[in-house]
Structure formats: structure tokens, C-alpha cells
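What follows is a set of notes on a single structure, which appears directly below.
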Amino acid sequence: MRGFRERAEVADVEAMLLRRVAALAGETVETIGASGRILCERISSPVAVPAFDRSAMDGYALRGEETFGAEAYSPLRLRVIGESLPGRAFAGTVGAGETVRIMTGAPMPSGADAVLMAEDATVDGDHLDIAAPVPPKKNVSACGEDVRAGDVLLEAGRRLRPQDLGVLLSTGIAQVLVHRRPRVDILVTGNELLPAGAAPQGHRIVDANSPILQALVDRDGGEVVRRDIVADDLDTLRAAIRGCAGDAILVSGGSSVGKEDFVPQVVGELGELAVHGIAMRPSSPAGVGFIGGRPLFLLPGNPVSCLCAYDFFAGPSIRALGGRARDWPYRSIVLPLSRKIASESGRVDYARVRVVDGRVEPLMISGASILSSTTRADGFVIVPRDSEGFSADDQVTVHLYG
């Protein structure tokens with residue numbers, strides 16, 4: 001057993017990951033199932049929407065200019081010669097003194113350029129009396145009013161929302177090129193671990209980290225392809241890591257300098273141990289390696305440390321692999337502290353906090369094994385490396401969990 005002689009700076013680790021972890025190649029998927037995926041390319045519309053002039057109201061299609069001069073005491077009478085329905089256009093032409101009954105969304109008949117609202121019409125058999133003029137283009141949705149052919153619909157890097165799919169499909173775009181979802185392996189190490197869902201037994205504890213990590217990977221657009229508990233045995237761990245086939249590997253536990261902390265050794269044997277030990281609290285035993293070009297994240301076994309190291313290093317990298325922004329995925333607010341947060345210059349601190357009556361109440365910085373502190377917390381405050389903390393009443397940025 002030995003301690004860390006030196007620890008990497010958080011900013012240096014983040015910069016290294018920015019250089020070495022890039023978005024995965026794209027894949028073509030059906031637009032109808034692409035919600036939440038990240039576009040690889042700009043998309044322009046191949047067609048206009050609508051592709052024809054259509055009615056914006058239920059009413060009567062007519063020649064607007066012909067209605068000029070119509071008044072209540074001198075109404076204009078038109079002859080109703082047919083109807084236009086959505087998907088079933090009127091086949092003829094509206095001539096002088098004529099009108100066509102029309103429904104919302106139906107194609108405008110040839111010869112007509114305005115629509116009189118149904119409630120403004122007086123119908124007498126096959127005739128229509130108009131007591132006020134209807135200017136040309138009134139109540140008409142013009143061709144291309146929604147989207148013009150050639151318009152840019154969405155830019156590369158866009159996270160597709162349900163309404164985006166509707167716009168794409170309305171223009172006939174049935175497939176889109178999106179970044180492939182990163183496939184992630186999750187290994188948790190420890191002879192003391194029982195599977196998630198089991199009951200604690202004696203000196204054995206239940207695995208809480210892998211379910212947390214799976215939920216975080218899902219949030220960040222990844223796909224967990226493996227989730228295993230691995231014994232604290234050098235050969236077993238080596239075989240488990242060698243068998244990982246994902247685009248990124250998360251290993252929780254075994255990352256420190258104890259007797260059974262084999263992960264750094266195995267990563268160095270199978271690839272490159274780029275970072276081991278980081279100037280932060282909690283999560284100082286965290287690290288980063290690369291195996292066959294794929295990032296592997298050494299996440300401490302203590303649950304809060306695991307969560308913290310994921311948020312700082314693994315999460316941004318998984319989002320980047322999937323074409324997403326690396327930024328914190330948490331909403332943030334700025335509020336005053338109710339009491340001080342003490343820290344030490346030279347390290348980054350991750351302080352769990354509550355928001356009470358518009359003020360920020362610190363819970364703890366230490367206590368990396370106290371997972372319940374994250375459920376009691378509303379979020380966390382980051383204390384930068386060059387700070388000795390914050391004083392009471394200082395304005396701080398709270399990253400909210402929910």
C-alpha cells in the first residue's frame with residue numbers, strides 16, 4: 001500500500017479528455033424513431049410545406065376582388081358550385097359570381113384567392129350572400145408558408161425533439177444521419193458486493209454504484225451493454241476488462257492504492273493508464289485510461305466519489321461520444337450561502353447542499369461513502385482549486401440534481 005505522490009489537476013484531465021475523446025461516426029436511422037438522437041449533419045427541406053395554397057378556415061373560397069363593394073344593405077350573391085376537402089380538391093375553376101365550399105386544410109380551387117369564414121356567410125340554397133368584402137389572400141395559407149424548399153430545417157448537433165421529427169417527416173425525410181449511441185460497459189469490483197436488489201447480509205453490502213451509473217449513462221445518451229460485479233482478483237479483473245466491447249468502460253472500485261486495488265495495474269497492462277489520482281474531494285483516487293483507443297474511467301468505489309468522478313469525467317466523455325455537448329446536464333441557480341463552505345487551495349471540492357428558504361445550506365464535502373447525502377441534497381456547489389471556500393452570504397452556483 002502506498003499513497004499518491006502527486007495528483008493531476010481537474011482542468012488538465014478535462015483538457016486531455018477534450019483532446020482524446022471525439023464523437024462516434026454516424027448511422028442512418030428511421031426518422032420516426034429518432035427522438036433524442038443527435039444529428040450529424042445539417043438538414044434542408046427538399047420540398048415546400050404546404051406544397052399548395054390551402055384554406056386556413058372552414059368557409060367559402062372565392063375571388064376576393066369580386067367582393068369589393070359588398071355591404072350589408074347591398075350584399076353580393078355568389079353561386080355555390082362545389083366543395084374542396086382535405087385530400088380531395090375541387091376539380092373545376094371558380095369563375096365570376098361563383099364560390100366553392102371549403103374546409104380547413106383543403107386545396108384552394110383554381111380561380112379563387114380568398115376564403116370567407118363560414119360564420120360570416122349567409123347561405124340560401126345554392127347561393128351565398130356576402131355583406132362585407134373579403135380581400136385577396138385572406139384566410140389562405142400560401143404554398144411554402146410553413147417551410148420553403150431549400151430552407152434549413154435543423155443544424156448538425158441538434159438533439160432531436162418530438163416536434164423536430166414532425167417537421168422532418170412533413171417534408172418527406174424518412175431517414176436521418178445521427179451519431180451512434182455510445183455503448184458502455186460497467187464493471188463494479190469487490191468481494192463484498194451483492195447484486196443490486198439483494199438484501200444486505202452480514203459484512204456484505206449491496207451494489208448501489210452500477211444502477212446509479214446505468215441511469216447516468218442512459219441520461220447521457222449512452223447504451224449500457226454490460227453490467228457486472230467482478231471479484232477483487234487480478235486474473236478475474238484482467239479477463240473482465242479484456243472482455244469489454246463497448247466504446248467506453250466504467251470501472252467502479254479497486255481504483256485506489258490498497259492491497260486489492262488492481263484496476264490501475266490491469267489498465268496499465270492492457271493499455272495506457274493516463275491519469276491516476278486527481279486533486280479533488282471526493283474522488284481523489286479516480287483515474288482515466290485508454291484501451292485500444294477507448295476511454296476507461298477508474299471510478300472510486302465509495303458511492304459519492306463514484307458519482308462525482310462520473311459527473312466530472314465520464315459523463316462529459318460519454319455525451320461527447322454521442323455527439324452531445326460536454327456541459328453539465330444540470331440546471332443551475334445562484335443563491336447566497338447560509339454558512340461557510342471550507343476548502344483547501346489546490347484542489348476542487350464537490351459540496352452537497354440543500355436550498356432552504358432561498359439560501360444554500362451546505363451538507364458535506366467529505367463523507368464519500370454517505371450516499372444518502374445526495375438524496376438529502378438538492379444539488380452541489382463546486383469549489384474551484386484556487387479557492388479556500390466560500391463565506392456565509394457569498395453568492396454561489398448550485399447545480400440542481402433534479
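The residue that is surrounded by the most Cβ atoms within 10 Å (Cβ to Cβ), among those in the stretch 275-291 that are of a type in the set (Gly, Ala, Ser) and within 28 Å of the chain's Cα centre (by Cα), is 286. When each of 110, 141 is tested for being crowded, with 19+ Cβ neighbours inside 10 Å, in contact with a strand residue (DSSP E or B) (Cβ under 8 Å, 6 or more places away or on another chain) and among the small types (Gly, Ala, Ser), the lone residue that passes is 141.
Hey, any hits in the stretch 255-265 for a residue that's at positive phi and either buried (at least 21 other Cβ atoms within 10 Å of the Cβ) or outside the structural domain of residue 345 (by TED's automatic domain parsing) (or both)? First the steps, then the outcome.
Start the filter on the stretch 255-265 by keeping residues that are at positive phi, which leaves none.
Scanning the stretch 255-265 turns up no residue that is at positive phi and either buried (at least 21 other Cβ atoms within 10 Å of the Cβ) or outside the structural domain of residue 345 (by TED's automatic domain parsing) (or both).
Where strands (runs of 3 or more DSSP E) fall wholly inside the stretch 303-398, the ranges with 3 or more residues that are touching a helix residue (DSSP H, G or I) at 6+ places or on another chain (Cβ under 7 Å) are 348-356.
Scanning the stretch 41-85 for residues that are more than 26 Å from residue 144 (Cα to Cα), part of a loop (DSSP other than H, G, I, E, B) and at pLDDT 95 or above yields nothing.
Here's the yes/no breakdown for (1) over 23 Å from the mean Cα position of the chain (by Cα); (2) in the same structural domain as residue 136 (by TED's automatic domain parsing); (3) not polar (S, T, N, Q):
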| site | (1), (2), (3) |
| --- | --- |
| 14 | no, no, yes |
| 18 | no, no, yes |
| 35 | no, no, no |
| 38 | no, no, yes |
| 41 | no, no, yes |
| 45 | yes, no, no |
| 63 | yes, yes, yes |
| 67 | yes, yes, no |
| 72 | yes, yes, yes |
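With the requirement that a residue be out of contact with any helix residue (DSSP H, G or I) (no Cβ under 9 Å at 6 or more places or on another chain) and either part of a loop (DSSP other than H, G, I, E, B) or within 17 Å of residue 295 (Cα to Cα) (or both), what does the stretch 21-35 give you? First the steps, then the outcome.
At the first step, the residues of the stretch 21-35 found to be out of contact with any helix residue (DSSP H, G or I) (no Cβ under 9 Å at 6 or more places or on another chain) are 25-30.
25 - this is the single residue of the stretch 21-35 that is out of contact with any helix residue (DSSP H, G or I) (no Cβ under 9 Å at 6 or more places or on another chain) and either part of a loop (DSSP other than H, G, I, E, B) or within 17 Å of residue 295 (Cα to Cα) (or both).
Looking at the structure I just gave you, is residue 54 of a type in the set (Lys, Arg), under 30 Å from residue 318 (Cβ atoms) and either in contact with a His (Cβ under 9 Å, 6 or more places away or on another chain) or crowded, with 18+ Cβ neighbours inside 10 Å (or both)? Spelling it out, it is not the case that residue 54 is of a type in the set (Lys, Arg), under 30 Å from residue 318 (Cβ atoms) and either in contact with a His (Cβ under 9 Å, 6 or more places away or on another chain) or crowded, with 18+ Cβ neighbours inside 10 Å (or both).
Which of the strands (runs of 3 or more DSSP E) contained wholly in the stretch 86-160 include at least 1 residues that are closer than 30 Å to residue 177 by Cβ and in contact (Cβ under 8 Å) with a residue 60 or more places away in the chain? Let's see the steps before the verdict.
Details: elements: 98-102, 114-117, 122-124, 127-130, 152-154.
The qualifying strands (runs of 3 or more DSSP E) are 152-154.
Filter the stretch 157-191 down to the residues that are out of contact with any helix residue (DSSP H, G or I) (no Cβ under 7 Å at 6 or more places or on another chain), exposed (fewer than 15 other Cβ atoms within 10 Å of the Cβ) and at negative phi and list them by number. Listed by number, the residues that qualify are 161, 162, 163, 166, 191.
The values are calculated or read from the model by the stated rules, or taken from the named source; none is laboratory data. Note that the structure is predicted; figures quoted are calculated from it, not measured. Reconstructed Cβ throughout: ideal geometry from the backbone, glycine too, with neighbour counts over all protein chains shown.
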